[in-house]
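Please read the structure below before turning to the comments.
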Amino acid sequence: MIERLKSIPTIQKGILLAFGTALVSGIANFVNKGGVTLVKDPFVYTAIKNLITAGLLLGVLLLFKNFKQLKSLKRLDWLKLTLIGLVGGSIPFLLFFKGLSLTSAASASFIHKTMFVYVAILAAMFLREKISKEFLIGALLLILGNLFLLKKLPVSFSKGDLMVLAATFLWAIENVISKYALRDLDGKIVAWGRMFFGSIFILGYLGFSGGLAPIVSLSIVQIGWTAITAGLLFGYVLTWYSGLKYVPVSVATAILMFGSSVTTMLSLASGASVSLKEIAAGVSIMAGLAFIISLKYLSGKVSGTLQKGT
């Protein structure tokens, strides 16, 4: 699929791939509920899922003949990939799932969905991405849509909320680092580095804390369900890092908010009740994305720094 997008101008290509990531994210959020419940230990679930994804990505590198580029990476490139795996593929997962056990799912979801705000600030500081007035209007609409999904406004931060916030901020840092690394590296290599090194760090943590035992006792059903969700994660990281190479990271992370609308639509299709607030949230999110993407991205008429997506 990615190879077929070569004829599309780079900005539009990045936007299409980012929307593809949001689509996969929305489906994964709907499916992952069963996966986490079935496997029970979120750390083991994440470690296995990440390892399977890293293996699939290695197969993609071989298929698309990127393995030579992987072998020719410089020491600095390996350092970037290791850092991406540490900051994005391991520590925040441990913080997020631990925090999720100490706070409500709605609160954790709200905090996580503010990631694009931190990304925009960091990208403006370190990547010189400009924050336009259209982006600001769109950001307000996205936050409003996110607020609609809350049953009540958060009035205080618990320890769990702070852990989720720390995880979200680390993911924001990782996305900015990845955007920088993508100036020289292929998106598939960055995706593989994030999942491979992230898995190594998580397995190291499980080994140190004595949490590896549940891995060998997983049933075939648990392994099969984890493999299904790993396939979704594979689609997520492959489209995400391939698209991030061509579009500003602030815009790309805002597009991920579309995943919430996808999850809501899937819930509706499965027979679950969808409230008026959830419908209003979807409308607000779509309106916000319309402002952020704007005609200049859809037409490809983006100059200067943004044209390079850096």
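Things to note:
- For the stretch 119-150, taking the residues that are among the aromatic types (Phe, Trp, Tyr) and surrounded by fewer than 20 Cβ atoms within 10 Å (Cβ to Cβ), the one that is nearest to Ala280 (Cα to Cα) is identified as Phe148.
- Helices (runs of 4 or more DSSP H) wholly inside the stretch 22-135 containing at least 3 residues that are more than 15 Å from Val164 (Cβ to Cβ): 42-63, 67-71, 75-89, 115-126
- Residue selected from the stretch 190-240 under the condition β-branched (Val, Ile, Thr) and within 16 Å of the chain's Cα centre (by Cα), by the criterion surrounded by the most Cβ atoms within 10 Å (Cβ to Cβ): Val190
- Subset tally (residues that are under 18 Å from the mean Cα position of the chain (by Cα) and modelled with pLDDT of 85 or more) for the stretch 100-133: 13
- In the stretch 275-297, the residues that are under 14 Å from Thr253 (Cα atoms) form Cβ pairs under 7 Å with partners that are not in a helix (DSSP H, G or I), at six or more places apart or across chains, as follows: Ile285/Met257; Leu289/Met257.
- So Leu94, is it under 19 Å from the mean Cα position of the chain (by Cα), modelled with pLDDT of 95 or more, surrounded by 17 or more Cβ atoms within 10 Å (Cβ to Cβ) and on the phi < 0 side of the Ramachandran plot: no
- Each residue in the stretch 134-158 was checked for being farther than 21 Å from Ile173 by Cα and at pLDDT 90 or above, and 7 pass.
- Ile84 surrounded by 19 or more Cβ atoms within 10 Å (Cβ to Cβ), of a type in the set (Val, Ile, Thr), at pLDDT below 90 and farther than 23 Å from Gly210 by Cα: no
The values are calculated or read from the model by the stated rules, or taken from the named source; none is laboratory data. Everything numeric in this text was worked out from a predicted model, so none of it was measured. With ideal geometry, Cβ positions are generated from the backbone for all residues, glycine too; neighbour counts draw on all protein chains shown.
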